[in-house]
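*Asks:* One structure, pasted below without further comment.
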Amino acid sequence: MRIPDPLFILGIPVHPITYPLFLDIVADFIAERSPRQICTANPEFVMTAQRDPAFRQVLQGADLVAADGVGLLWAARRLGHDLPQRVTGSDGLFYLAERAARSGWRLYFLGAQPGVAAAAAHKLAVRYPGLQVVGTYDGSPADSDFPAIAERIRAVQPDLLLVAYGAPGQDLWIARHKIELNVPVCMGVGGAFDHVVGVRRRAPAWMIRLNMEWLWRLITQPWRWRRQLDLPRFVWAVLRSGAASSDQT
Ligand code: UDP
């Protein structure tokens, strides 16, 4: 399977994919069985990567970067490209679970608060009979926790490891450990387990439809306001970079 060429938003690659293509790429990665990393990026990722060279390197080296945030679709259009749709960790988890149940993929859920990953696994297994979540564990991205995590994961050898430690920590963690863990697909999923279980409510559907999920996060998690300052910064940087590239033409 040929992965479509990425487009670059402020130097960060983003792959123009749909959910069906995303699932087909995951299927290929699993068949090929060499460790791959998938990131679900949004404007905060892109702005963090401008400041943090280690995170930038992780995104640039990832095997697949999905456009999790609507801001990336806007930026792509603005820069004269097209991203067909958002491919989010939270919805992607349901699509993955459905396909995993049919294809026999073995999933491992790592991260979130104690009990949340297990509750998410249970809920998805009820919804998608036959789904194999072969392990769940909270742990932490701290180096001191790695041996215990690695031991659990190696014991069950999953096909897909979904990591919910928030960005950029989860993506840096995957990049650091993927070779050693030797799981075919490792993917950062942010708050996806929280959303499945309902410990944190995702924005209502009408708000997602109106591209206002970022506003929901600001209202329900006001402590993120500092992080969300990256949104206007992102808009400004994209407008400036669009102006710069049209100056050159
Ligand atoms: N989380 C965790 N350990 C950490 C940091 C975060 O398990 O050290 C979990 C947190 O409980 C939540 C998930 O990571 O389930 C995503 O957190 P956040 O809302 O920051 O995600 P993002 O907005 O980056 O997707």
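The values are calculated or read from the model by the stated rules, or taken from the named source; none is laboratory data. A quick note: this is a predicted structure, and the numbers were derived from the prediction, not measured. Cβ atoms come from the backbone with ideal geometry, glycine included; neighbour counts cover every protein chain shown. Accessible surface areas use protein heavy atoms only, side chains included; no ligands, DNA or RNA. Shrake-Rupley method; radii C 1.70, N 1.55, O 1.52, S 1.80 Å.
*Asks:* Consider Gly190 against the criteria (1) without any contact (Cβ under 8 Å) to a residue 40 or more places away in the chain; (2) part of a loop (DSSP other than H, G, I, E, B): it satisfies all of them except one. Which criterion is unmet?
*Replies:* (1)
*Asks:* Hey, could you check the range 113-158 for residues that are part of a strand (DSSP E or B) and not small (Gly, Ala, Ser) and say which is nearest to the ligand (Cβ to nearest atom)? Spell out the reasoning first.
*Replies:* Just the residues of the range 113-158 that are part of a strand (DSSP E or B), to begin with: 132-137.
Applying the additional criterion that residues be not small (Gly, Ala, Ser) yields 132-134, 136-137.
Numbers: Gln132: 22, Val133: 16, Val134: 19, Thr136: 12, Tyr137: 10 Å.
Top of the filtered list is Tyr137.
*Asks:* Yes or no: the range 159-176 includes at least one residue that is open to solvent by 40 Å² or more (accessible area, probe 1.4 Å) and either away from the ligand (no atom under 15 Å from the Cβ) or modelled with pLDDT under 95 (or both).
*Replies:* No, the range 159-176 contains no residue that is open to solvent by 40 Å² or more (accessible area, probe 1.4 Å) and either away from the ligand (no atom under 15 Å from the Cβ) or modelled with pLDDT under 95 (or both).
*Asks:* Which of the residues that make up the range 149-175 are among the basic types (Lys, Arg) and either in contact with an Asp or Glu (Cβ under 8 Å, 6 or more places away or on another chain) or under 22 Å from Ala27 (Cα atoms) (or both)? Full working, then the answer.
*Replies:* Initial filter on the range 149-175 (among the basic types (Lys, Arg)): 152, 154.
Within the range 149-175, Arg154 is the sole residue that qualifies.
*Asks:* Now a separate question. Restrict the check to the range 215-234 and report whether at least one residue is assigned to a helix (DSSP H, G or I), near the ligand (Cβ under 10 Å from one of its atoms) and under 17 Å from the mean Cα position of the chain (by Cα).
*Replies:* The answer is yes, given that some residue of the range 215-234 is assigned to a helix (DSSP H, G or I), near the ligand (Cβ under 10 Å from one of its atoms) and under 17 Å from the mean Cα position of the chain (by Cα).
*Asks:* If you scan the range 97-112, which residues turn out to be closer than 16 Å to Gln132 by Cβ and within 16 Å of the ligand (Cβ to nearest atom)?
*Replies:* Result: Tyr108, Phe109, Leu110.
*Asks:* Another question, if that's okay. Would you tally the residues in the range 100-142 being in contact (Cβ under 8 Å) with a residue 60 or more places away in the chain and touching a His at 6+ places or on another chain (Cβ under 9 Å)?
*Replies:* Taking the range 100-142 first, the residues in contact (Cβ under 8 Å) with a residue 60 or more places away in the chain are 100, 103, 105, 108-109, 111-113, 116-117, 119-120, 123-124.
Cutting the leftovers down to touching a His at 6+ places or on another chain (Cβ under 9 Å) gives us 120.
Residues that pass the stated criteria total 1.
*Asks:* Need a quick list: strands (runs of 3 or more DSSP E) entirely within the range 2-98 having at least 3 residues that are within 14 Å of the chain's Cα centre (by Cα) and on the phi < 0 side of the Ramachandran plot.
*Replies:* Output list reads 36-41, 64-67.
*Asks:* Looking at the range 68-107, which of its residues are touching an Asp or Glu at 6+ places or on another chain (Cβ under 6 Å), under 21 Å from Gln157 (Cα atoms) and open to solvent by less than 60 Å² (accessible area, probe 1.4 Å)?
*Replies:* Trp105 - this is the single residue of the range 68-107 that is touching an Asp or Glu at 6+ places or on another chain (Cβ under 6 Å), under 21 Å from Gln157 (Cα atoms) and open to solvent by less than 60 Å² (accessible area, probe 1.4 Å).
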